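The values are calculated or read from the model by the stated rules, or taken from the named source; none is laboratory data. Owing to the predicted nature of the structure, the values given are computational and were not obtained by experimental measurement. Cβ sites come from the backbone with ideal geometry, for glycine too, and all protein chains shown count toward neighbours. SASA here: full protein model, heavy atoms, side chains in, ligands and nucleic acids out. Shrake-Rupley method; radii C 1.70, N 1.55, O 1.52, S 1.80 Å.
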Amino acid sequence: YYRNPGRRIPGSYLSKPLVEMRGAPLFGELAIARCLEMDGWSAVWVDSYHGRGKRLCWRDLPDRSDPYSFDDAPTAAEKYEQITRENGGVGGWFDVLAWRGGQFLFVEYKAARDRPNANEVRWIDSALRSGVTPSEMHFVLY
């Protein structure tokens with residue numbers, strides 16, 4: 001599942017569980033992004049764990065793609081940077097950022113045994129101060 005000619009997924013991702021979507025393995029965050037894309041949204045998995053203080057977003061598994069640059073989505077990049085500044089970093093960022101026109105959705109994915117944490121609560125406060133409404137924030141429980 002994790003092989004692409006010439007590339008391997010970094011070992012620190014190997015503990016993440018996979019889900020299957022249309023016969024392909026994906027992390028749950030990417031499956032959520034794909035579902036949103038089927039509904040006309042653009043979406044990325046915000047990888048704040050591996051990003052460690054910098055923007056790191058994916059549209060596919062890390063062994064199958066390069067990090068997403070936001071070159072074609074300046075409004076989404078601006079919203080990402082605005083919330084990150086307000087938050088003082090990337091800690092707690094919700095897992096999926098989606099955009100369609102001037103609309104945004106933020107989705108936090110909770111797999112088995114995953115619990116909300118203080119960083120996420122701080123991020124929610126930062127997002128609200130950045131103009132995000134509660135109706136734009138969602139949790140998906142697996």
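Which angle from 0 to 90°, rounded to the nearest 10, does the C-alpha axis of helix 74-87 make with the longest principal axis of the chain? Value to nearest ten degrees: 70.
When the dipole is taken about the Cα centre of the chain, and only Lys, Arg (+1) and Asp, Glu (-1) are charged at their Cβ, what size is it in debye, to the nearest 20?
Working: 19 positive and 19 negative charges, 92 e Å.
Its charge dipole is roughly 440 debye.
If contacts are Cα pairs under 8 angstrom and at least 6 residues apart, what is the relative contact order of the chain in percent?
Taking the mean separation of contacting Cα pairs over the length of the chain, I get 20 percent.
When the Gaussian network model of the chain links Cα atoms closer than 10 Å, the mean-square fluctuations of F94, F70, F104 top out at F70. What angle do you read, to the nearest 10 degrees and between 0 and 90, between the alpha-carbon axis of helix 118-129 and the longest principal axis of the chain? Between helix and principal axis, roughly 50 degrees. Bridge orientation summary for the chain: considering DSSP beta bridges with both residues in this region, about 75 percent are antiparallel. A run of the chain free of exposed loop cleavage sites, with trypsin sites (Lys or Arg not before Pro) counted only in DSSP states other than H, G, I, E and B and at most 16 other beta carbons within 10 Å, reaches its longest extent at 65-112.
Global dimensions of the chain from alpha-carbon coordinates: Rg and Dmax equal 14.6, 44 Å.
Taking I83, I32 and ordering them by how much accessible surface each has at a 1.4 Å probe, largest first, produces I32, I83.
Only helical runs count toward this figure. For the chain, summing -39,500 (n - 2.57) over DSSP H runs of n ≥ 4 and dividing by all residues gives -8500 deg cm²/dmol at 222 nm. Taking E37, E20, E81 as the candidate residues, the one with maximal mean-square fluctuation in a Gaussian network model of the chain, Cα springs under 10 Å, is E20. Between helix 28-38 and the chain there is an angle of about 80 degrees, using the helix long axis and the longest principal axis of the Cα atoms.
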